[in-house]
Structure formats: structure tokens, C-alpha cells
Amino acid sequence: MKIAIFGMGYVGFTAACCIASEGHEVIGVDVNDSKIADVNNGIAPFEEPGLQELMTPSTQARRLLATKSVPDALANADMAIVCVGTPSGVDGAHDMRYIADVSRQIGTALAREKPLAPVTVVYRSTMRPGTMRKLIIPIFVATLGADWAAHVTLVYNPEFLREAQAISDYFDPPKVVIGTIDGKPNEVLQALNVNINAEVFVTPFEEAELTKFVDNSWHAVKVAFANEFGRVCQKMGISARQVHKIFVADTKLNISPYYTRPGGAFGGACLPKDVRAFQYIANDIGANTHLVDSLLRSNEAHKNHQFDHITRHAEAGSKILMAGLAFKAGTDDLRESPNIDLVRKLLEAGYDVRVFDPCLSPDKLRGHNLGYLYSTLPQIDALLIDAPAAEAGDWDLVVVSNATGQALNLSKFKTLETHCIA
């Protein structure tokens, strides 16, 4: 098939590489000239384990290209996949301007030269239940006319990719959720997913749209809950590691060990913004979701707790190395990373801080990721050091904020792990 993918971020570009590796012709669409140049030059626009190796055969064979031209991308396309961002708005709701704009561009392009067969337009961006019927369909009605359904088939297909494990999660997801206008399967998407082995749920739009909110809010609940009992353990001198071991041994009722280990605050591109948006939805419809409402406050409390914990182990003015700045190792995604907040707080408190993160190169960052870093930690260029400098430093304390610390020999330093409360 020929497939156009709108948005060359973590979700869109990972999907592009995975789909192209299966032999499909993929054209990525993005507004960022640097990303387009990177893709067309065979360079992955961000760090993700295995992604560069996966994309190279496809770019060399010209099966994977990028463009700013929506009409060129859609010419003779069988499918369009929308993966543009839905960042938090000022009120906490998702900002849908990018979704609306891309939908309008797709509809306008297809209206100029209407396809002989309907193009399947798949949305993977997280969006409020009702968005497909109340926002997306009206846009296609406006651009294509009353017979819009003769030219496009709309599908909502949320993604479940974890950064730093995105490729394996694409081919081996925990589930596949497909939302359609009538709750019936879509043959084109079934053909795309033929090599994916996972349980498939086919539902009307709304159930599929709500899935990511429920999943991400639950992940946030688990992280916040684990950190709350971890704080209690740490203050009382109880082993949180042993308590956690006992807790996750119950696989019948406690479900699984994922996201329940006391450690770092949650961050990244999904959990904070989706919890905010879920709060907005609950408030908008008059539901009382007190636990969800408490998640972000609990997460902020945990950031403050970790800052206090660090300062109890190092006097003001001490030299501190932060090992890991991204919200998790193996990625350069800095959006809402709690480690950035820790560095900022330590600098403001008078500590001499340096940062080691082998995946982070500011000149490779793009879009929201780049903007978030420099708006929250503008002095980052002066803070970053490489592995030899990190191991040769005379640090009073090394703060290991994620698994990045495993890349260093830290045996001679006093270390404090914030990503795992012992």
C-alpha cells in the first residue's frame, strides 16, 4: 500500500519506519523542515533504540520519504495516518488545532482530485470521546460535501507505544483497538496489521477514543500510588523495595508490577497531558474523579520530596552530577521530565550541577521537545558533559535519575538513586 503519515514525531515516525520495513510505500508529512531533511537524508530525527537501523533499508530503497506537500503525499494513497500532537491547552483540555488543521488539509486535498476508492484516514492522536463525530466528520463534510463517506473511511486507532521500546511495542502491542463509525472492522487497517499478533477490539469511535485516557490515567495512578507509599516507607525507615516485592507478588489482584515500583515522578509526552485532559472531561460532564484530580498534585509533591531528599545528602554549593535528564533512559524526550525540574530546583538552591545523558544532543531536538527544554532549562548547553568528564569529576553526590547511570562507573562516588526508592 501507499500510506501517508501526518506528523513525524515519536508515534508517527516510529510507525513510518515499522510500516515501511514491511514493504509498504510510506510518505511522512510534517511542517518542520529539519525533520523532513533528516528523514530524506536517512537520519532518524530523534533517539529511539533500533530506529536508525530499521529506517535505513527503507530510505535507501526510497520506500520512506518525507514532504511538506499534503497533495503529493495523498496522491494515490490507500491510507492516511494522523499522528500530530494534542498538547495541553491552557484549561487542561487537549489543544485540537493541529488535528483540525491536518483534517482540513486532507479533506481539501482529496476534494481537488477525489479518489476512485475511499481513502482510509486513521487517527492515532489522543482525543476526547466524541471528537471523531463532532469535529472530524464535520470537517470532512465541509471539505468533501454530503457524500464525504464515498471518499474517506474514518478510523480511530490509538497507539500503545512506550518510548525506548517503541519498535517492539509496534509489532507486539498489548492490544489493538479499532474504532469505526458503526463498530465494524475496517479491511484496510486489518491488512496493515496482518503481521501484528495481539487481541483486537473493534468498537464504535467513542469507546476507542476513551481507551488512552483510561490507560494513561491508570499508569499515572500506579506511579503516584507507588511513590506515595514509597515516601511513607522512606520517612519511617521501612524498606520500600521489600514492600513492593510483596505487593507485586499478588498477580491475581494487584495485576502487574509495571508502574508500581516507587521511584521517579511521572513525566513525558503522554501521562501529564492526558491526565489533565481527563480531569477536564470529568469536570465538564459533572463526574467526580477525586483520585484522578489528585494525580498531578501527588506527582508535584513527589518532585518536591525528591528535591528535599537530595538536599539532605548534599550541602548547598555541593557539586552534583545528574545522570539522566530525559524522563526515562534510551530516549531524548524531555517534555515534562521531572528530572529537568530537579536540576532547575538544585541550581536555584545554589548547587553546582552538571548533567550526563548520552541520548541528549540539543542540536538534534525538534519542535515541542526543543522548546520545552530551553524554556525550562535555558542553560542546558553549559550543563551537559560526556562520560569521561562525568567519571573524572570530583562530585560530592551523583543523582542517578534513570537507568542512564548504568553507562557510568560510579563506584568511587556517593550516589543517590531517585528512579528507584529502596
Any hit, the range 265-273, residues being part of a helix (DSSP H, G or I) and not hydrophobic (A, V, I, L, M, F, W, C): yes
Matching option when the condition is under 18 Å from the mean Cα position of the chain (by Cα) and without any contact (Cβ under 8 Å) to a residue 60 or more places away in the chain, among D95, D101: D95
Residue within the range 229-241 that is part of a helix (DSSP H, G or I), of a type in the set (G, A, S) and within 30 Å of L416 (Cβ to Cβ) present: yes
Condition check for V214: under 23 Å from the mean Cα position of the chain (by Cα), part of a helix (DSSP H, G or I) and closer than 24 Å to D274 by Cα: yes
Those strands (runs of 3 or more DSSP E) lying entirely in the range 309-419 with at least 1 residues crowded, with 19+ Cβ neighbours inside 10 Å and out of contact with any Gly (no Cβ under 7 Å at 6 or more places or on another chain): 319-323, 352-356, 397-400
Members of the range 30-63 that are farther than 20 Å from G330 by Cα, in a loop (DSSP other than H, G, I, E, B) and not small (G, A, S): D30, V31, N32, N41, R62, R63
Of all residues making up the range 189-210, the number that are part of a helix (DSSP H, G or I), in contact with a strand residue (DSSP E or B) (Cβ under 6 Å, 6 or more places away or on another chain) and either modelled with pLDDT under 95 or surrounded by fewer than 19 Cβ atoms within 10 Å (Cβ to Cβ) (or both): 0
Qualifying positions in the range 179-199 - under 22 Å from the mean Cα position of the chain (by Cα) and more than 16 Å from R133 (Cβ to Cβ): N193, I196, A198
Subset of the range 209-239 (residues that are touching a residue at least 40 places away in the same chain (Cβ under 8 Å) and among the basic types (K, R)): K212, R231
Filtered residue count, the range 49-65, keeping only those that are within 20 Å of the chain's Cα centre (by Cα) and in contact (Cβ under 8 Å) with a residue 24 or more places away in the chain: 5
Pairs, first under 11 Å from V176 (Cβ atoms) in the range 194-208, second among the basic types (K, R), C-beta under 8 Å, six or more apart: A198/K175; E199/K175; V200/K175; F201/K175; V202/K184
Scope the range 153-184; condition part of a loop (DSSP other than H, G, I, E, B) and among the acidic types (D, E); matching residues: E159, E163, D172, D182
Filter result for S217 (more than 22 Å from Y156 (Cβ to Cβ) and small (G, A, S)): no
Verdict on P71 being touching a Lys or Arg at 6+ places or on another chain (Cβ under 8 Å), assigned to a helix (DSSP H, G or I) and of a type outside the set (D, E, K, R): yes
Filtered residue count, the range 110-140, keeping only those that are of a type outside the set (V, I, T) and buried (at least 21 other Cβ atoms within 10 Å of the Cβ): 8
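The values are calculated or read from the model by the stated rules, or taken from the named source; none is laboratory data. Fair warning: this is a prediction, and the values are worked out from it, not measured in the lab. Every residue, glycine as well, gets a Cβ built from its backbone with ideal geometry; the counts of neighbours run over all protein chains shown.
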